[in-house]
Amino acid sequence: FWRVAGRIPFAEDLMAAFYCATDPSTPSRVKLVLMAAIAYFVLPTDAVADLLPLIGFADDAAVLAAAITQVAGSITEEHRAKARRILDAKD
């Protein structure tokens, strides 16, 4: 699973968003924005099918980027470090 996840260009942002959304100190509004973006990525119903090469994840990346832009100050270096550790341990 992690080998595949690590190939997604925005995997670190996605994982950092997850860690921020599950952090008890994160404000509720931020959690809501991030969980909605993560749900959009995970749910099979999508604006563009994820099976399409190259463009399949483009809409997911756009939604995630918009969410992260809205809450950028809440995603800490600790969240990003956790994301890097999990993706680096993908063996």
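The values are calculated or read from the model by the stated rules, or taken from the named source; none is laboratory data. All values derive from a computational prediction rather than experimental measurement. Backbone-built Cβ (ideal geometry, glycine too); neighbour counts: all protein chains shown. For the accessible areas, the whole protein counts, side chains as well, though only heavy atoms, and no ligand, DNA or RNA atoms are used. Shrake-Rupley method; radii C 1.70, N 1.55, O 1.52, S 1.80 Å.
Couple of notes before you dig in:
- Filter pass, LEU34 being at pLDDT 90 or above and out of contact with any Gly (no Cβ under 6 Å at 6 or more places or on another chain): yes
- Screening segment 58-91 for residues that are open to solvent by 70 Å² or more (accessible area, probe 1.4 Å) and over 20 Å from CYS20 (Cβ atoms) and picking the one that is modelled with the lowest pLDDT gives ASP91.
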